[in-house]
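The structure appears below as structure tokens.
The values are calculated or read from the model by the stated rules, or taken from the named source; none is laboratory data. Note that the structure is predicted; figures quoted are calculated from it, not measured. Note: ideal-geometry Cβ built from the backbone for every residue, glycine included; neighbour counts use all protein chains shown.
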Amino acid sequence: MRHIGTIDWLYRWNAPSLALDKEMDNADEAVLYGSDESLESTAMVALLNELGVQFEYRRVDRDPAAMREWEQLDGERVPLLRMGKYAIVHGLDRVKVQQLFGWVGC
């Protein structure tokens, strides 16, 4: 009996598109949207620093461009963590952030 590797079989007929690589530009970029009045934003900054995550902090209460980006993503709650274009954490969710960066099992 011959074993067929599922991934090898899939990619033999459906090679990954180069367009996916283009979409994933800045996939490692972490951006945290927060405000000076939010204690959760301060706690999220401390958590990311504790985990050793490099991120850009954008204050929605001081920067109109950051406010527009935040509104397009969610616009309801700070902090909001965006990792690349796909992984988003709403509010201070320690477990979800730790899972995102591989510190806690599923």
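The set of residues in the stretch 56-85 that are touching a residue at least 40 places away in the same chain (Cβ under 8 Å) and in a loop (DSSP other than H, G, I, E, B) comprises 78, 79, 84, 85.
Just to be sure, is residue 44 touching a strand residue (DSSP E or B) at 6+ places or on another chain (Cβ under 9 Å), at pLDDT 95 or above, within 22 Å of residue 99 (Cα to Cα) and surrounded by 10 or more Cβ atoms within 10 Å (Cβ to Cβ)? Quick ask: steps written out before the conclusion?
On the way: touching a strand residue (DSSP E or B) at 6+ places or on another chain (Cβ under 9 Å): yes; at pLDDT 95 or above: yes; within 22 Å of residue 99 (Cα to Cα): yes; surrounded by 10 or more Cβ atoms within 10 Å (Cβ to Cβ): yes.
In short, yes.
Within the bounds of the stretch 49-64, is there any residue that is farther than 11 Å from residue 31 by Cα, in contact with a Ser or Thr (Cβ under 7 Å, 6 or more places away or on another chain) and among the aliphatic types (A, V, I, L, M)? Steps first, please.
Let us first name the residues in the stretch 49-64 that are farther than 11 Å from residue 31 by Cα, namely 49-52, 60-64.
From what is left, the residues that are in contact with a Ser or Thr (Cβ under 7 Å, 6 or more places away or on another chain) are 60-61.
Now restrict to residues that are among the aliphatic types (A, V, I, L, M): 60.
So far as the stretch 49-64 goes, yes, one or more of its residues are farther than 11 Å from residue 31 by Cα, in contact with a Ser or Thr (Cβ under 7 Å, 6 or more places away or on another chain) and among the aliphatic types (A, V, I, L, M).
In the set 51, 80, only one residue is in contact with an Asp or Glu (Cβ under 6 Å, 6 or more places away or on another chain) and at pLDDT 90 or above; that residue is 80.
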